[in-house]
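Chemist: Please find one structure pasted underneath; my questions will follow.
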Amino acid sequence: MTSGILGLAQSNQRAVKRKVFVSYHHRGDQAYYDAFSQAFHDTYEVITDNSLEREVDSDNVDYVMRRIRENHITGSSCTIVLVGANTWGRKYADWEIKGTLDKQHGLIGVQLPTLRAGPNGLVTVPDRLNDNIHSGYALWITWAAITASAQACSNYIEQANAREKRLIVNNRDRRLRNA
């Protein structure tokens, strides 16, 4: 699992930069993180991506969760989860979503083009994200929508941050291993 933090501007009378945490599957979706970062790096401050698998060398779940909260989630206002074909089964994606919800930050799920619907017409997303999409707390949007423009991305971030915190569903056990 790889994640990054991007500074994105809030549109109002004076430009306030928001830090946004980006969660994604490192091996599967690095190209989408790179494209997302590249699309907004001239307009917004982009802080380099960090791989939790490389950065946090520990099997202690509580320690890793604390590092996620302290080093990645704290200071951001919203998490954007880039959801590709294998994101649903990644433990760090689940832990990053949990940390985001623990902090009551905005949450946006982004359907990447690699996430194809099954025969039933449904896509598979991380369970904790799915809970919050269905509760109305998390936004669920397409890759094309969030990358349409800097203004579109900023609008989604503001919408996510404005969601009522009472809609948060964060009662699942943490995923302990990758699928």
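Chemist: What order do you get for 100, 124 when you list them from fewest to most C-beta neighbours inside 10 Å?
Modeler: Ordered by Cβ neighbours within 10 Å, fewest first: 124, 100.
Chemist: To continue, here is another question. Collect residues whose amide H, placed 1.01 Å from N in the peptide plane, falls under 5 Å from the amide H of residue 107; neighbours closer than 5 in sequence don't count.
Modeler: Here the answer is 79, 139, since their amide H atoms fall under 5 Å of that of residue 107.
Chemist: Sticking with this one: For each of 37, 23, count neighbouring Cβ atoms within 10 Å of the residue's Cβ, then give the residues from fewest to most.
Modeler: 37, 23
Chemist: What is the set of long-range amide H partners of residue 19 at a cut-off below 5 Å, with H atoms built 1.01 Å from backbone N?
Modeler: Here 8, 77 satisfy the definition.
Chemist: How large is the Kirkwood hydrodynamic radius of the range 85-179, in angstrom, based on all distinct alpha carbon pairs?
Modeler: About 13.9 Å, per the Kirkwood formula over Cα pairs.
Only the coordinates and a few stated rules stand behind these numbers; no lab work does. Since the model is a prediction, treat every value here as computed from it, not as a measurement. Counting neighbours? That spans all protein chains shown, and the Cβs are built from the backbone with ideal geometry, glycine included.
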